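Following: one structure in structure tokens, then a few remarks.
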Amino acid sequence: MKQIANWLHMALRLSAAVMTGSMMTLAVAQPHTMQQPMPVQANVSAVAKIQSNSSPALVPLARSDLSRRAVTVRNASRLTIYTNERAGYQIKFMLSPDVESIEVDGLEKGKAVLINAQSAPVPRIYPVGGTEVLTLGYKLNLAPSVRSVSIPWPVTVVLIPL
């Protein structure tokens, strides 16, 4: 009878060990065999950059320009704009003290955009493929203090991603 009890005890221990080993195998194998969706999140900073392909260093002024206090410079700036911001971007025009305001051609089809020192940035939509080339012309409305035959280029263009 003692032999049967020992045999039963060993059989129970063996089955417990097998069951424990199976559970451990399941616990270890389960993460490798189960495919659960893992949430992934990435934040990409908005970028808007500008490359000025052309812009005059000086604006020559004729006497007629000085008397009417305005000069037109056609196709003065060729800008290549790159952005990844799907909401678009804004163009901020900063003016030197030599001009009171500018009228910009090439931003809106068939219409000049009036800009002065207090003007808000001009909003632009996201360009197809993230790249846009603008050729801008300007009418520079001169400040009364301008009296020379030329002035340094008075417009600085800055991009702001939305």
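The values are calculated or read from the model by the stated rules, or taken from the named source; none is laboratory data. Treat the numbers as computed from the prediction; the structure is a model and nothing was measured. Quick reminder, even Gly has a Cβ in these numbers, built from the backbone with ideal geometry, and neighbours come from all protein chains shown. Just the protein is used for accessible areas: all its heavy atoms, side chains included, with ligands, DNA and RNA removed. Shrake-Rupley method; radii C 1.70, N 1.55, O 1.52, S 1.80 Å.
Here are a few things to note about the model shown:
- At full extension, GLU100 and ALA120 could sit 5.7 nm farther apart than now, given 0.36 nm per residue minus the alpha carbon distance.
- Distance (nanometres) between label positions extended 7 Å along Cα→Cβ at VAL158 and ASN75: 3.0 nm
- Theoretical FRET efficiency, 1/(1+(r/R0)^6), r = Cβ-Cβ of ARG147 and GLU108, R0 30 Å, to 0.05: 0.35
- Accessible area, probe 1.4 Å, largest first, for residues VAL158, VAL128, VAL133, VAL99: VAL128, VAL133, VAL158, VAL99
- With the simple spin-label model, which puts each label point 7 Å out from Cα in the Cβ direction, the MET38 to GLN90 separation comes to 4.0 nm.
- Taking amide H atoms as placed 1.01 Å from N in the peptide plane, the amide H of LEU142 lies under 5 Å from those of ALA70, VAL71, GLU100, each 5 or more residues away in sequence or on another chain.
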